[in-house]
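Report on the following structure.
Rule-based calculations on the coordinates, nothing more; no lab input. Everything quoted here is computed from the prediction, not taken from an experiment. Every residue, glycine as well, gets a Cβ built from its backbone with ideal geometry; the counts of neighbours run over all protein chains shown.
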DNA sequence: CGGCATAATGCCTGTATCGGCATAGGGGAG
DNA sequence: CTCCCCTATGCCGATACAGGCATTATGCCG
């Protein structure tokens, strides 16, 4: 890390804030699982069209997803697999944290 | 990832939301750099005492930092080094993303 | 015990943002 | 050109939360 600049802090927290919204994190997961045209996303998530469009717009602006136009449809794909890796690490952190709390209760 | 449960989505986004606040991300960085008693943190960040206390409280509740009481002082330490790894990945993602956009401009 | 330092909490306000409804833009098919 | 479908955006109400001020809680020392 080596002391991040304020600009980097701002950028990184902006990135994390995107994933900090359950709807958007959900979208990232759905998109990663293929079949990511908007109709399918609406169907699988139950989000309204406008909601979906906004969130996808934000994800795209940050470069987390790419959009590919097919006529008047839009196909979304995840841009960078590292996002998935980050989620994986976050998951492991959570599990470890809970496991440690559990253990500390058992010992005490 | 393999299709995360709604509960996991909620937990993960909660974690990301913590880092999504510049003040808290800043704190995590400062704490990682050692010397993390509250007075020092106030000094280095310029945050007010109440603000600091609240943010540290949230980080602690999520298990991102640990607090060790020394008399009436509090020493904060980062709990899990994986958080740093996550920041590192996020940084690399950002750089890659910007580099790609730059390249695409040069080619076009 | 009474003052003093440090940390946590109640209360409050301002601001950001989620997310719905309605509307506008833009590309096919007739 | 016109209708229709899909997506994006303006507007707005509700809600969440940052962050300040004042107060309280907690542990130190005289």
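Annotations
- The angle between the Cα long axis of helix A:49-61 and the longest principal axis of the Cα atoms of chain A comes to about 70 degrees, rounded to the nearest 10.
- Burial ordering of A:105, B:59, fewest other beta-carbon atoms within 10 Å first: A:105, B:59
- Take every Cα pair under 8 Å whose residues are at least 6 apart in sequence, average their separation, divide by the length of chain A, and the relative contact order is 20 percent.
- Sorted shortest first, the separations between the residue B:33 label point and its copies elsewhere in the assembly read 4.2 nm; each point sits 7 Å from Cα along the Cα-to-Cβ line.
- Position residue B:104, label points 7 Å along Cα→Cβ, spacing to each other copy in nm (shortest first, one decimal): 4.5
- Label positions at residue A:3 and residue A:106, each projected 7 Å from the Cα along the C-beta direction, are separated by 4.3 nm.
- Helix A:82-107 axis, angle to chain A major axis (alpha carbon atoms, nearest 10°): 30
- Using alpha-carbon coordinates, inclination of helix A:6-19 to the longest axis of chain A, degrees: 70
- Taking B:16, B:47 and counting other C-beta atoms within 10 Å, the order from fewest to most: B:47, B:16
- Between copies, the label points at residue B:21 (set 7 angstrom from Cα along Cα-to-Cβ) are spaced 1.8 nm, reported in nanometres from shortest to longest.
- Tail weight of P(r) past 18 Å, computed on alpha-carbon pairs of chain A, percent: 57
- Over the protein assembly as shown, the reciprocal of the mean inverse Cα-Cα separation, the Kirkwood hydrodynamic radius, stands at 18.8 Å.
- Normalised alpha carbon radius of gyration of segment B:12-61 [divisor 2.2 N^0.38 Å]: 1.07
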